Amino acid sequence: MAFEIIIKPIVFLDLDEAINWYESEQEGLAARFYKSFETAIERIKENPDAFTKVIAGVKRILLKRFPYKVFYSVSENTIFILGVTHSKRSNAYIRKRLRSMK
């Protein structure tokens, strides 16, 4: 089954924050971070049911080589990317975000 990916606009703010931090740490690190994000999206598209359920209707995948989580939900043929957060940030953050999206 082919899935459409929709990245919520707020996710781009999450990505910008992480990318800016990684770029300030080491040249090229931000590009590797973004590539890891893209790989995670592809893995979600291939098998959206394979990853950890964190709250009702929301799953997450861990980025490889970076301490970040991508949160997403699936509705029929659409995958919604809801957030990208540092692994140390609690899942309460995504719960709060979901409430604000309604």
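The values are calculated or read from the model by the stated rules, or taken from the named source; none is laboratory data. All values derive from a computational prediction rather than experimental measurement. When we count neighbours, we look across all protein chains shown, and the Cβ atoms used for this are built from the backbone with ideal geometry, even at glycine.
At-a-glance table
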| item | result |
| --- | --- |
| Of residues in the stretch 46-56 being touching a helix residue (DSSP H, G or I) at 6+ places or on another chain (Cβ under 9 Å) and either in a helix (DSSP H, G or I) or modelled with pLDDT of 95 or more (or both), the one nearest to S90 (Cα to Cα) | F51 |
| Selected residue (only one of E17, E42, E25 is of a type in the set (D, E) and within 12 Å of the chain's Cα centre (by Cα)) | E42 |
| Residue in the stretch 41-56 that is touching a Leu at 6+ places or on another chain (Cβ under 7 Å), closer than 29 Å to M1 by Cα and not β-branched (V, I, T) present | no |
| Breaking point among (1) under 17 Å from A18 (Cβ atoms); (2) not in a strand (DSSP E or B); (3) not aliphatic (A, V, I, L, M), for G83 | (2) |
| Residue in the stretch 5-18 that is of a type in the set (G, A, S), modelled with pLDDT under 95, under 20 Å from R97 (Cα atoms) and touching a strand residue (DSSP E or B) at 6+ places or on another chain (Cβ under 7 Å) present | no |
| Scope the stretch 57-80; condition over 26 Å from Y22 (Cα atoms), in a strand (DSSP E or B) and in contact (Cβ under 8 Å) with a residue 60 or more places away in the chain; matching residues | V74, T78, I79 |
| Inter-residue pairs, beta-carbon under 9 Å, first part of a helix (DSSP H, G or I) and in the stretch 31-42, second at pLDDT 95 or above and acidic (D, E), 6+ apart | A31/E23; F33/E23 |
| Residue check, R99 surrounded by fewer than 13 Cβ atoms within 10 Å (Cβ to Cβ), in a loop (DSSP other than H, G, I, E, B) and over 13 Å from the mean Cα position of the chain (by Cα) | no |
| Identity of the residue in the stretch 1-30, among the charged types (D, E, K, R), free of Cβ contacts under 8 Å to residues at least 40 places away in the same chain and not in a loop (DSSP other than H, G, I, E, B), that ends up farthest from S73 (Cα to Cα) | E25 |
